[in-house]
1. What residues from the stretch 82-99 fall in the zone where the backbone N is under 13 Å from a label point 7 Å along the Cα-to-C-beta line of Ser64?
2. Tell me, rounded to the nearest percent, the portion of alpha carbon pairs in the chain spaced more than 23 Å apart.
3. How far is it, in nm, from the label point at Ala110 to the one at Arg16 when both lie 7 Å from their Cα along the line to the Cβ?
4. Measuring from label point to label point, each 7 Å out along Cα→Cβ, what is the Lys2 to Val98 span in nm?
5. With +1 on each Lys and Arg Cβ and -1 on each Asp and Glu Cβ, and nothing else charged, work out how big the dipole of the chain is about its Cα centre, in Debye to the nearest 20.
6. With a 1.4 Å probe and all protein chains left in place, how much of the accessible area of the stretch 98-167 comes from carbon and sulfur atoms, in whole percent?
7. Based on the Cβ-Cβ distance of Arg27 and Glu165, what FRET efficiency does E = 1/(1 + (r/R0)^6) give at R0 = 41 Å, to the nearest 0.05?
8. Between Asp146 and Ala122, what FRET efficiency comes out of the Förster formula 1/(1 + (r/R0)^6) with R0 = 41 Å and r the beta carbon distance, rounded to 0.05?
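The values are calculated or read from the model by the stated rules, or taken from the named source; none is laboratory data. Worth saying up front: this structure is predicted, and the values here are computed from it rather than measured. Here the Cβ positions follow ideal geometry from the backbone for every residue, glycine too, while neighbour counts run over all protein chains shown. Just the protein is used for accessible areas: all its heavy atoms, side chains included, with ligands, DNA and RNA removed. Shrake-Rupley method; radii C 1.70, N 1.55, O 1.52, S 1.80 Å.
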Amino acid sequence: MKRIELVALPGIPRVRAGDDLAALIARAARDAEVDLHDGALVVCQKVVSIAEGRSVALADVAPSASAREIAAAHGRDPRHIEVVLRESVRIVRRGHGVLICETRHGFICANAGVDLSNASAADTAVLLPEDPDASARALRAALLADRAGPLAVVISDSFGRPWREGQVDVALGCAGIAPIDDRAGALDLDGRALAVTAPATADQLAAAAGLLMRKDAGTPAIWIRGLALSGEGCVRDTLRDATLDLFR
């Protein structure tokens, strides 16, 4: 690869529960004269979750005693905290009004990925997809059936990072591409064998797409063309084994 190009797909309407997301994306691509062929489609988690009905009205949430205690300590809405606790297997750290949680998927992120911004209705919490890799596979299959492809699909979300300010988009799920390009055994410029070089391709695609996928831009899907597709796999396989994690 010498050049790749990122194209925001305009014209995708506000997604509602039950919408055919693949059809909305395919229509937007055709209207923009973008050929979904030989590239990667990066789709923000929010629209995937909303289409799959992964939203909770806070009015329907009864906060537990733990949620009320944590909310009072951090100045948060106890109903929001209750949803966060339901989506978490553990709280890794909390402080400064922030809860860092491990989700049921194995992700470590703020508030277990539960988000109140750009929801389909006021006072609504949007959750992560039940299985982001399965969501990516389903979206890819639907696009292939609509005569797109070959293509990869990456579902992305913005995560904070320990020891650094700011957020970067990362991959929650993928299909049609290996999420990690294991270069172990390849040679560097001096002919030395690489030992641990393994670029996180799916995360890199998500981060690149994040440059165009601003929360206020209304562009939930980015097409990346000029990409050499290779391999298969899922993001779940990239999660580090707890026995090898030096920070647990």
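1. Zone members listed by number: 82-91.
2. On the way: 16095 of 30628 pairs.
Considering the chain, 53 percent of its Cα-Cα pairs are separated by more than 23 Å.
3. Between Ala110 and Arg16, the label points sit 3.1 nm apart.
4. 4.3 nm
5. 400 debye
6. Ligands and nucleic acids excluded, carbon and sulfur give 51 percent.
7. 0.60
8. 0.75
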